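Step one of this worksheet: look at the structure below.
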Amino acid sequence: MDVLVSALALLLLSPVLLVTAAAVAIDSGFPVLFRQTRIGLGGRAFGMLKFRSMVRNAAAIGPFNTSANDPRITRVGLFIRRTSLDELPQLLNVLKGDMSLVGPRPDVPVQRSLYNDADWALRCSVRPGITGLAQVELRSEGTEDQRRELDLRYVREHDLWLDCRILARTAGRLTGRGAN
C-alpha cells in the first residue's frame, strides 16, 4: 500500500514538487534537496530527503532540532515547513522502502541517547513514517518526552485503522499551526 500510494502521490503532486523546488532554488540557491542521516527499521541508517528549508550548512551552525524564529530558516523555508511541503520528497524514501507513510518520525542518530535499550528496540521495530501519532497530536508543539511517548505508543498500538485515522488527521494539520 505504501509503494502504491507514494507512487501515485508523486505523480499527482509533481507540479507542486517542481514549483517548490524552483522556489527553494530562487530563494536560497542549490541544492534544493537536503539529505539527513536518520534511523529506520532495525536501527538501520538511511538518508531521509526533504526540500531544503534552511540555509546551506545549517547543521554546522546549530542543533539538530529547530525552534520558533530559528534564524537558519529561509523565507521560502518558513512557508514550506508550515505547510509541510518540505516533507514531500520523503515519498521517495517510502517508494525505496526506507520509510512508511505512517509511523514514528525517524530520529537522527544522536537521539538514540534519549531511549533506554528496550524502548529503542521497540521504536526500531517498525518503519518510520512521514507522519505519525506525535505529528497529529502535537505537530512541533510538544516536548521531546511527549513526542517520544506518542511514538512508542504508536509502535505498541499500530494497526491499519490507526494508520487511516492518522492519515486523515494529518490532512487537517497542514494549516501551519505549530510547525517550526
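The values are calculated or read from the model by the stated rules, or taken from the named source; none is laboratory data. None of the values given here were measured: they were computed from a predicted structure. Because the Cβ atoms are built from the backbone with ideal geometry, glycine has one as well, and the counts that use them run over all protein chains shown. For accessibility, only protein heavy atoms count, side chains too; no ligands or nucleic acids. Shrake-Rupley method; radii C 1.70, N 1.55, O 1.52, S 1.80 Å.
Computed on the stretch 86-180, with alpha-carbon pairs under 8 angstrom and 6+ residues apart, the relative contact order is 32 percent. Each Cα pair under 8 Å and six or more residues apart adds its separation to the average, and for the chain the resulting relative contact order is 24 percent.
The Cα atoms of the stretch 80-148 cover 33, 29, 19 Å along the three principal axes, with the biggest extent listed first.
Accessible area per residue for the chain, computed on protein heavy atoms with a 1.4 Å probe, is 53 Å².
Residues of the stretch 71-90 with an amide N closer than 16 Å to a point placed 7 Å from the Cα of Lys96 along the Cα-to-Cβ direction: 87-90. By the helix-only formula, in which each DSSP H run with n ≥ 4 contributes -39500 (n - 2.57) and the sum is divided by residues, the chain has a 222 nm mean residue ellipticity of -13500 deg cm²/dmol. Loop exposure criterion: trypsin sites (Lys or Arg not before Pro), DSSP state outside H, G, I, E and B, at most 12 other Cβ atoms within 10 Å. Applied to the chain, the longest stretch between such sites is 45-176. Rounded to a whole number, what is D in µm²/s for the chain from Stokes-Einstein with the Kirkwood radius over alpha-carbon pairs (25 °C, 0.890 mPa s)? My calculation gives 147 µm²/s for D. Once backbone amide H atoms are built at 1.01 Å from N, Leu88 has Phe51 as its partners under 5 Å, excluding neighbours fewer than 5 places away on the same chain.
In order along the stretch 149-157, the Karplus-derived 3J(HN,Hα) couplings, from 6.51 cos²θ - 1.76 cosθ + 1.60 at θ = phi - 60°, round to 5, 5, 4, 5, 4, 4, 4, 6, 10 Hz, and Gly and Pro are given as x. Computed from phi, the 3J(HN,Hα) profile of the stretch 70-86 under the Karplus parametrisation 6.51, -1.76, 1.60 (θ = phi - 60°) reads 4, x, 7, 7, 7, 4, 5, x, 4, 5, 6, 6, 5, 9, 6, 4, 5 Hz, with x in place of Gly and Pro.
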